[in-house]
1. If I ignore ligands, DNA and RNA and count only protein heavy atoms, how much of A:T155 is accessible to a 1.4 Å probe, in Å² to the nearest 10?
2. In terms of modelled amide H atoms, which long-range or inter-chain residues lie less than 5 Å from the amide H of B:L118?
3. Based only on Cα atoms, what mean projected area does the convex hull of the range B:88-392 have, in nm²?
4. Can you figure out the FRET efficiency of B:V330 with A:L5, using R₀ = 30 Å and their beta-carbon distance, to the nearest 0.05?
5. What share of Cα pairs, in percent, lie more than 18 angstrom apart in the range B:175-308?
6. Assuming 0.36 nm per residue, please report the length gained on full extension of the stretch B:V28 to B:R64 beyond their Cα-Cα distance.
7. Roughly speaking, what is the centre-to-centre gap between the range B:58-136 and the range B:196-244 when only Cα atoms are used, to the nearest Å?
8. Looking at this model, which pairs from B:K99/B:K156; B:K77/B:K343; B:K21/B:K42; B:K77/B:K99 are more than 28 angstrom apart at the alpha-carbon?
Amino acid sequence: MQLALFWIFSILMLAFALGVVFLRNPVSSAMSLVMTFVALAAVFVTLDAFFIAVVQVLVYAGAVMVLFLFIIMLLDLRAEKHRKVRPSAWLGGGLVVGGFMAAISQVIAGWSALHQTKPELSDPSFNDVAGVGFTLFRDFNLPFQIIGVLLLVATVGVVLLSRKELK
Amino acid sequence: MNILNVMMQPEVFLVWTSLAKSIGLLAVILGLVSYTVYAERKICAWIQDRVGPNRTGIPFTGIRIQGLGQPIADALKLLLKENFIPAEVNKFYYYIAPKLSMVPAILVLAVLPFGSSLFGIPMVIADVNIGVLYVFAVSSLGVYGIVLAGWASNSKYPFLGGIRSSSQMISYELALGLSVIPVFMVCGTLSLPEIVLWQRENGWMVFPIWAKGLTWDLILSGDIGAIAQTFTAGFSLQRILLWVPMIISFVIFLIAMFAETNRAPFDLPEAEQELVGGYHTEYSGMGFALFFLGEYAAMIAGSGVIVTLFLGGWSFPLIPDGSLPGIPGVLAGLVNIGVFFAKIIALLIFFIWVRWTVPRFRYDQLMKLGWYVFFELALVNIFIAAFVLAYIK
């Protein structure tokens, strides 16, 4: 059952991921990305990682992509549809994708955990929210705080840069 | 092996009981939606000193029963209307947008505990330990339906409605999410059924004075001294002080829910005077009906979340052990379901009452309220709750 679900959601995820790249309408691409996130969340659920799954939907599908869609809808989509892709862009994109795939396959080939099956959770009612919370705020508190400050600095920087009149 | 044995196997049992619960809940909710529309029209009429719909009764008989047949007539009218599709719309997204706005509202219901148990089956479709986060995640997807409807209609007013709606929903989602954190800090869990049980034992979130060990037998015996003693036993300073952050949470959550469901006084996305019908201007027939259904289903689901988090869920007030006098198990389960829906209906009437009483906000006022007042207040509220929990025993 779990295996069947894994295949269903992985295939959905990959199909929509292809849609992000190949669909010509930017709104369709954005919506495909939303569906990719939702399918990815479903794969997390089959791994009993409910918290990660929900955060995936909440943050990416529910917040980030809404803003993306917001921006895309303000673009002139007709001009976007008729835009020609130059051969140099094809070449550059192909190089990047090929290099990335080569690097990823290198890593996967040398990854010992790949051939282990996932051990069953000893306690099915394990509270993963508490687990993530304790790990983040107790064991890795300092790195977490530093990342928080980093994000705050970035936000302040964006606000400053987006102001029209810089004195 | 006969059919009954197969039905009672754990996995099979889970499948068919879940299916039965889903179908039953959906049927109740859809019925509730159509009668909420009727209540909206009727209450609005009373507030404006009119009569409201009072003609439609049982078909072919001439019996009017105060217009209670109106929802059936409305549904038939919408079903039979021509589904007119304007030229130049983006057909795919135009078709899919009304469904996208309705589905998330109904999905939220999956984690709401709507009763204690019937025949030993817990009355919640999916008891997940991340309950509330699921509610936020799914309801945050509801904005796509509205945005896509506005964009796909290829028309100015719907587009402005869609843009307004998406920024409004994103702004108020923050306040909505932050405002409930004190509730989890007090209960120590994210699971909705556990939050309901906690409130049954220790008092509703918005009602800190609670009796400890009060039972129906004690109430029926009429011993006022003993009843008063249960209240003094249930008294604690921490609970009274926690009332402050809980009331702040409740008010922010309630008002943010108005904004999330696009209800007046925050119904800017469909402000008639400025935007005609807003995002559903170009829809007719069933498409329009689905938007309507989605709005009311979201209202019911939102009321369900408020009831579960702040108003004790399905539990009968003031009885910590949940017993009912002389009522056998199955009936007691039905009473609990009734209590849950009674609380929801009370909230729905409040929603309607507010809509026909408070004038609409201006758009900049709405944004200011969300970002300058509620966001900060919800943040400070978390610290108040943490302070009370840590230092006052």
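The values are calculated or read from the model by the stated rules, or taken from the named source; none is laboratory data. All values reported here derive from a predicted model rather than from experimental measurement. All Cβ positions, even for glycine, are placed from backbone atoms using ideal geometry, and neighbour counts span all protein chains on display. Note: areas computed on protein heavy atoms with side chains; ligands, DNA, RNA excluded. Shrake-Rupley method; radii C 1.70, N 1.55, O 1.52, S 1.80 Å.
1. 80 Å²
2. B:M123
3. Details: hull surface 68.5 nm².
Dividing the Cα hull surface by four gives the mean projection, 17.1 nm².
4. 0.30
5. Above the 18 Å cut-off, the range B:175-308 has 66 percent of its Cα pairs.
6. On the way: separation 36, 0.36 × 36 = 12.96 nm, distance 2.34 nm.
Result for the pair: 10.6 nm of gain on full extension.
7. Each part's Cα centre sits 37 Å from the other's.
8. Values: B:K99/B:K156 22 Å; B:K77/B:K343 31 Å; B:K21/B:K42 31 Å; B:K77/B:K99 19 Å.
Over 28 Å Cα-Cα: B:K77/B:K343; B:K21/B:K42.
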